[in-house]
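Contents: one structure, followed by commentary.
The values are calculated or read from the model by the stated rules, or taken from the named source; none is laboratory data. The shown structure was predicted, so the numbers you read here are calculated from the model rather than taken from an experiment. Note that each Cβ is placed from the backbone with ideal geometry, even for glycine, and that neighbours are counted across all protein chains shown. Side chains are part of the model used for accessible areas, which takes the heavy atoms of the whole protein and leaves out ligands, DNA and RNA. Shrake-Rupley method; radii C 1.70, N 1.55, O 1.52, S 1.80 Å.
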Amino acid sequence: ARPGQTAVERLRSVVEGEPQRLSDAVPDGAQRRALRGDLDNIVARALKKKPAERYATAEAFADDLRRYLAHEPVSARADSFGYRSGKFVRRHRLAVATLSVTLFALLAGIVGTAWQAVEARRERDEALFQARRAAAKGNLMDIALQATGDPDRPVTHRELLDRSVQLIDKQFETDPRIAVDLLFPIAGQYAGLGDSDKDLAVMQRAAAIAAASGDPELIGHVACNTVDTHLTRGDRDAARAQLQAGLAAMAQVRRPKLLAAVECLRAEGEVARASGDI
């Protein structure tokens, strides 16, 4: 009722008006929060205008109050999985807390075991690669020496390098990581001979092999290694372009290998140095 209402107006308000929610009828904020939820719903149902919407009996009303005090779901609240779950947790806090700790420990153990398995697999794959790499280097040297032709004519260093590049294309086309790894030192040998054109040609061949593999880490590794080739040739623009291509490719790799990541960092430093940014 509002101040100044007549008796008839107050009666009409009781009969026709919707009652104020219980939590809205108290001024204190703490009490208001305590009354919200199930108590609001229980009282609102008890005050419904239509008899069919109210509690059928006083016992049903009392039963909802008892369920509220026991932290059980009440009939005045729309049923849902989240509502029932919340009530269950309040009734069994200790058991739920204990179960949560147990499940967390179990989950942590599973994650730890899975992580160890992943690391073991990575280490195994790297060991296998290093074994294949060593065998490939030995085989490449043997094949190159056997294919040199006339035994009375000494093979020059440059001829041996040229022959090695051809053999890598034929022998290791199905293993791009091995092929690229074998081409790097050959490019370095050409650079040592002062042949920057051949150095660049070999690195471009390595880039083509990496691109065909679709492996962003291998693509980035080759691009960052090609930066020095362009800097040696005095082409800083090409060096910057290679660096950006390498960094873009490496950004696609969640956990790049240490050597590849370090090579791109080193290349970035070399480009900065060449640009005068000490």
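Numbers at a glance
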quantity: Solvent-accessible surface (1.4 angstrom probe) belonging to HIS230, in square angstrom, nearest 10; calculated: 20
quantity: Simple label model, 7 Å out from Cα along Cβ direction - LYS170 to ARG124, nm; calculated: 3.5
quantity: Computed label-point distance, nm, for sites ASP197 and GLU270 using a 7 Å Cα→Cβ extension; calculated: 2.2
quantity: FRET E, pair LEU107, ARG33, Förster distance 41 Å, beta-carbon r, rounded to 0.05; calculated: 0.75
quantity: Listed residues TYR68, TYR55 arranged by accessible area, highest first, probe 1.4 Å; calculated: TYR68, TYR55
quantity: Gain upon complete extension [ALA251, GLN116; 0.36 nm per residue less C-alpha separation]; calculated: 46.2 nm
quantity: Which of HIS221, HIS157 is most accessible, then next, and so on - probe 1.4 Å; calculated: HIS157, HIS221
